[in-house]
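Take a look at the structure set out below.
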Amino acid sequence: MESQPQEFTPAPGRPHSEDKSDQSYLHTRWSGAYGTFIVTHDVSAYTSTRVFSEVGKRTRVSVRFGMVGAENDATDTERNMCGFAVTFHSDEGNWEIAGSNLPVFSVNDPQKFSDFVHTPPAHLKSPTMLWDYWSQTPESLHQVMMLMSDRGLPQSYRFMNGYGVHTFSFINANGERFWAKIRVKSAQGIEFFADTEKKAKGIDFAQRDLAEAIDRGEFPRWSLKVQVMPEAEATTYRYDPFDLTNVWPHIDYPLIDVGVVELNEKSGFLPNSFADAAVDTRFSEPAPNPDYPTPVWYERPAGRADDPYSQPGDLFRRVMKADERRRLVANVVASMNSISGPNREIIIDRQLCHWFRCDIALGMAIAQGLGVDMANLRRMMTGQHG
């Protein structure tokens, strides 16, 4: 790496809990609701989990939504990854699928995450720090592209999907193991704000939208689906199936219907708070049941490193429509134009290298939007930048 910008300084190996003074507290803006999960399809071939055990089975659920990296003055309509967690309150105890509205994460090395969770000076937002970090973390590109696309600004909680980003372990009644990805797809469809619309919606727009929809009897629904991979296929699959920065393409592992989540009751307090535990026993925490699907905490085998550019490149070229691609470029340019300070050029050039490796047309469009010196960029991409 050519030179180390001052805005972000990695500290590999530092425990996340070592220094609280400069860390952001994640998921500080939450809201949610209660509801019901109903099994609609038989998936007993893959899992013996009782929540999924028979068609028609009903289980009480709570769903939590919220801004992941919001600062103190954040609103519900800022471009941000949004938390999406479903808790099943079953006869055996509570089981939770913790995830977000994006199917991938920005890192696959836990040590890098602790470096990311640091606040800028005076807790003010800093695009410079953000892009400095992303530009030094190539595997973040897939999530960054989604965040800067329409998905990064959902119209409300009702109009976004939820994803259990981790790979889960399913075990059926015969003891056979399957790896699984869990997806919660909005029955309301996917709707988003344009950047020009979001400011007029108010600080708690998404929370009010959810509560008012329930008051009207317009109970939001999501279809819970899974992708299932036989255990033996994990070693030969073309992507590392445990890498949080990649997805399993549906052409390889199609979505399988499991059931429907419906939210039909407002919560009197934030569902991730235990402040009212004495009066609301629905949020007691029994010991986890070992038979329930669990996320796989996985260390990448030595020598296996997936390409961080092929999947975001496919997303741009094959999935996004022309108008979606134009909005993506405009959003990236607007955000990267906010990079400031003496290392602005280094950060921009380094991030542009990632965009170009993802897709040449995308890199060119962003570079032109930023007014970049293309000769200097070519030197950067060929390792001649000093």
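The values are calculated or read from the model by the stated rules, or taken from the named source; none is laboratory data. A quick note: this is a predicted structure, and the numbers were derived from the prediction, not measured. Cβ sites come from the backbone with ideal geometry, for glycine too, and all protein chains shown count toward neighbours.
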field: Residues (under 22 Å from MET129 (Cβ atoms) and touching a His at 6+ places or on another chain (Cβ under 9 Å)) located in the stretch 313-349
entry: ILE346, ASP349
Count of the stretch 96-132 residues which are in contact with a Ser or Thr (Cβ under 7 Å, 6 or more places away or on another chain) and at pLDDT 90 or above: 6
field: Near pairs, Cβ below 6 angstrom, 6+ apart or cross-chain, from the stretch 166-180 (more than 13 Å from ILE97 (Cβ to Cβ)) to any residue that is hydrophobic (A, V, I, L, M, F, W, C) and buried (at least 22 other Cβ atoms within 10 Å of the Cβ)
entry: PHE178/PHE170
Filtered residues of the stretch 240-263 (kept if under 22 Å from VAL107 (Cα atoms) and buried (at least 17 other Cβ atoms within 10 Å of the Cβ)): ASP240, PRO241, PHE242, ASP243, LEU244, THR245, ASN246, VAL247, TRP248
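When the stretch 315-326 is examined, which residues are found to be in contact (Cβ under 8 Å) with a residue 12 or more places away in the chain and either within 16 Å of ILE190 (Cα to Cα) or loosely packed, with under 14 Cβ neighbours inside 10 Å (or both)?
Pass one, the stretch 315-326, residues in contact (Cβ under 8 Å) with a residue 12 or more places away in the chain: 315-317, 320, 324-325.
Matches in the stretch 315-326: ARG317, MET320, GLU324.
With the stretch 86-192 as the region, which strands (runs of 3 or more DSSP E) entirely inside it contain at least 3 residues that are under 30 Å from ARG357 (Cβ atoms) and in the same structural domain as VAL51 (by TED's automatic domain parsing)? It would help to see each step written out before you state the result.
Details: elements: 93-100, 162-171, 177-186.
Filter on the stretch 86-192 gives 162-171, 177-186.
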